[in-house]
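Heads up: the structure comes next, in C-alpha cells.
The values are calculated or read from the model by the stated rules, or taken from the named source; none is laboratory data. Computed from a predicted model, the values in this text were never measured in an experiment. Here the Cβ is made from the backbone with ideal geometry for all residues, glycine too, and neighbour counts use every protein chain on show. Only protein heavy atoms, including side chains, enter the accessible area calculation; ligands, DNA and RNA are left aside. Shrake-Rupley method; radii C 1.70, N 1.55, O 1.52, S 1.80 Å.
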Amino acid sequence: MSAPPPTGPLVTRDTLRTQLSELGVRPGETLLAHSSLSSLGWVNGGAVAVVQGLLDALGPEGTLVVPTQTGHLSDPALWGNPPLPPEWWAAIRATMPAYDPRITPARGVGVVPETVRTWPGALRSAHPQTSFAAVGPRAAEVVEGHAPDCRLGERSPLAKLEAMGARVLLLGAGYASCTSFHLAEYRIPSPRVAVGRPGPEGWETVTEVSISSDRFDELGYDFERDRPVVRGKVGAAEARLFPVADAVAYAEQWLAVHRPRDEEYLHPPV
C-alpha cells in the first residue's frame, strides 16, 4: 500500500526566511529557537532548510541558539520510557559514555537542534545534560561558562541570553518546551535534587535546583494573555516570538503563586 501524498503546505528555505521576517525576526538579533519540524508542513530539505531559513532571516550578524539537551546521560533508576531492570543499573552507570560536546547527540529536542549542533562553526556549551548550541558572531559569548552544576540557571546560557536582550522563537513548539521559564525556577524557592550522570572520572552526583516543566502550558497561556507576544504562521506551524527577559520575569511571579514548591532536598531513588 502506497503512502498518502503529503498535505502541505510546501515549505522552502525562501518561504521560511520570508515568513520569519514577516513574523518579526530581525537581522542581527540573537534568537533562541524551539522548533517542531513536523509542524511546518512538507519542508523541502528538511531540517537543513529550516536552519538555512533561520540563518537567512537573522543575517550574518545574527546568532541562532538552540537547546541540545542530553537527558539520557542520567541515572537509569529514573528512566521510565522504558524502565530498565534494577539489576542493570550499576553496569549502566559504570559504562555510560561521558558527555562530549563535539560528538554527543542531542536527544528529545527534535531534529533541528541536532542539525544546528553539527552546523559548520557551531559552538556548544559544556553542561553534560542541558547544553545549548549556537551559530553566529555571538555564539561563543552565549555558550561559554556553562557551569556543570547549573543546568538552566544563572550560570547557564539562559542568563546570558536574558542579559543580551535575546528573544525566543517557538516554531511549532508549545510553551512546555520554553526553557526560559526554567531560569525563573532558580530565582524562587525551589527544592534541590541529587543529579547523577557520567563524568570524565566515572559516575558522579551533583546537587542541583530541581527543574520541572509541569504546568508550563498554563503558564504560557497566561503569559500570552498578559504580555506582548507576536503570533503568526510559518508554513503550517503556529509561531510565537517574545523576549527571553519578559518570559523569565513573568514566570518568576507566576510560578511563585501557581506552582509553589517546598524547599527540601530530594534524594534520588536507590
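Evaluated with a Cβ-only charge set (Lys, Arg +1; Asp, Glu -1), the chain carries a dipole of roughly 580 debye about its Cα centre, given to the nearest 20. The H on the amide N of ARG26, modeled in the peptide plane, is under 5 Å from the matching H of no residue at least 5 residues off or on a different chain. Approximating the spin labels as points 7 Å out from Cα along Cα→Cβ, the ALA126-to-ASN44 distance works out to 4.4 nm.
Ignoring ligands, DNA and RNA, what accessible area per residue does region 111-151 give at 1.4 Å, in Å²? With the other protein chains kept in place, region 111-151 gives 36 Å² per residue. Direction-averaged projected area, Cα convex hull, region 29-95: 7.1 nm², rounded to one decimal. With contacts taken as Cα pairs under 8 Å and at least 6 residues apart, the chain reaches a relative contact order of 22 percent. Quick one: pull the percent of accessible area on region 15-127 belonging to carbon and sulfur, 1.4 Å probe, ligands and nucleic acids left out. Here it works out to 59 percent.
Over region 142-270, Cα pairs under 8 Å with separation of 6+ residues give a relative contact order of 34 percent. By the combined test of axial Cα extent (at least 24 Å) and Kyte-Doolittle hydropathy (mean at least -1.0), none of the DSSP H helices of the chain qualifies. Per residue, the convex hull spanned by the alpha carbons of region 69-113 comes to 74 Å³. Here region 143-158 and region 24-38 have alpha carbon centers that stand 21 Å from each other.
Work out, in µm²/s and without decimals, the Stokes-Einstein translational diffusion coefficient of the chain at 25 °C, 0.890 mPa s, Rh from Kirkwood over C-alpha pairs. Rounded to a whole number, D works out at 126 µm²/s. Here, region 83-184 has an Rg and a Dmax of 15.2, 48 Å when only alpha carbons are counted. Considering all different alpha carbon pairs of region 173-253, the Kirkwood hydrodynamic radius works out to 14.5 Å.
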